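Asker: For reference, the structure I am asking about is given below.
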Amino acid sequence: MPILASAVLCAGCQPASASVHYPGAIDACRLPGANLPAQLAAGTVEIPAASVKTADAKVVPEDQPGDGTEVTGCKRLFARDLGGGKANLQDYRLVTIAVVRFTDADSDQAATKASQLMTDALGDHSGVRLVTGVGDEAGFAEQWAAVRTGNVVLGVAIADGGTEAALIPAATLDNVQAAMTDMTSTLQRDFQG
């Protein structure tokens, strides 16, 4: 099955801020709100993530745990609604969320490293647009987005697959911004130290 995904992003750069710090593990699956399907996968029904064999989406360049980082991820799979909640497994949208938390004991240093990931790895793409009032740094594009807040980089990738995946309405920039705002609010409310 072909995977159709645009992968352009996003980053604004501001000085690292120690005002926001996330000291413990972050469950990426707890970040999306109940309105995520309406925002990013309108016209679909959610199905178990293992229902369809999908390609792995690379959300952020450093989405594997390493020295000084902790990574958590979450996959949500949506299939086109044929009516009455009946899913068409041939046409789906995969929403992948990744959280990269820099674990340096010095909160300023951890925030600086997160900011550097946004600037060096994510900020070199074209089509940059900024989201205001989300995190310390934020940006998005049609099918890919990332936000940096404190020592955390939160990213989401949207990939469509199947024979008629184009029939699933595309997520708009406003939809992506709203979903990122919701997830960042949950991150700050439930995980900030």
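Asker: Condition test on residue 72, is it hydroxyl-bearing (Ser, Thr, Tyr), open to solvent by 40 Å² or more (accessible area, probe 1.4 Å) and either in a strand (DSSP E or B) or closer than 24 Å to residue 180 by Cβ (or both)?
Answerer: No: the conditions fail for residue 72.
Asker: What number of residues within segment 22-46 satisfy the criterion of being open to solvent by less than 30 Å² (accessible area, probe 1.4 Å) and either touching a Pro at 6+ places or on another chain (Cβ under 7 Å) or among the polar types (S, T, N, Q) (or both)?
Answerer: The number of residues fulfilling the criteria is 2.
Asker: Mind checking which residues of segment 75-110 are more than 30 Å from residue 167 (Cα to Cα) and surrounded by fewer than 22 Cβ atoms within 10 Å (Cβ to Cβ)?
Answerer: Residues satisfying the conditions are 103, 104, 105, 106, 107, 108, 109.
Asker: How many residues are under 27 Å from residue 43 (Cα atoms), modelled with pLDDT of 60 or more, surrounded by fewer than 24 Cβ atoms within 10 Å (Cβ to Cβ) and more than 11 Å from the chain's Cα centre (by Cα) if we restrict to segment 127-164?
Answerer: 5
Residue-by-condition table, conditions (1) under 18 Å from residue 118 (Cβ atoms); (2) modelled with pLDDT of 95 or more; (3) in contact with a Leu (Cβ under 8 Å, 6 or more places away or on another chain):
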| position | (1), (2), (3) |
| --- | --- |
| 9 | yes, no, yes |
| 14 | yes, no, no |
| 20 | yes, no, no |
| 46 | no, yes, yes |
| 56 | no, no, no |
| 64 | yes, no, no |
| 71 | yes, no, no |
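Asker: Could I ask something else about it? If I ask for residues that are open to solvent by 10 Å² or more (accessible area, probe 1.4 Å) and not in a helix (DSSP H, G or I), which ones from segment 165-193 would you list?
Answerer: Matches in segment 165-193: 169, 170, 172, 192, 193.
Asker: How about segment 74-94: which of its residues are on the phi > 0 side of the Ramachandran plot and in contact (Cβ under 8 Å) with a residue 12 or more places away in the chain?
Answerer: Answer for segment 74-94, where residues must be on the phi > 0 side of the Ramachandran plot and in contact (Cβ under 8 Å) with a residue 12 or more places away in the chain: just 85.
Asker: What about residue 118, is it modelled with pLDDT of 90 or more and among the hydrophobic types (A, V, I, L, M, F, W, C)?
Answerer: So residue 118 fails the test.
The values are calculated or read from the model by the stated rules, or taken from the named source; none is laboratory data. Predicted model, so just to flag it, every value in this text is computed and none were measured. Using ideal geometry, Cβ is built from the backbone for each residue, glycine included, and neighbour counts are taken over all protein chains shown. Areas reflect the complete protein model, heavy atoms only, side chains present, ligands, DNA and RNA absent. Shrake-Rupley method; radii C 1.70, N 1.55, O 1.52, S 1.80 Å.
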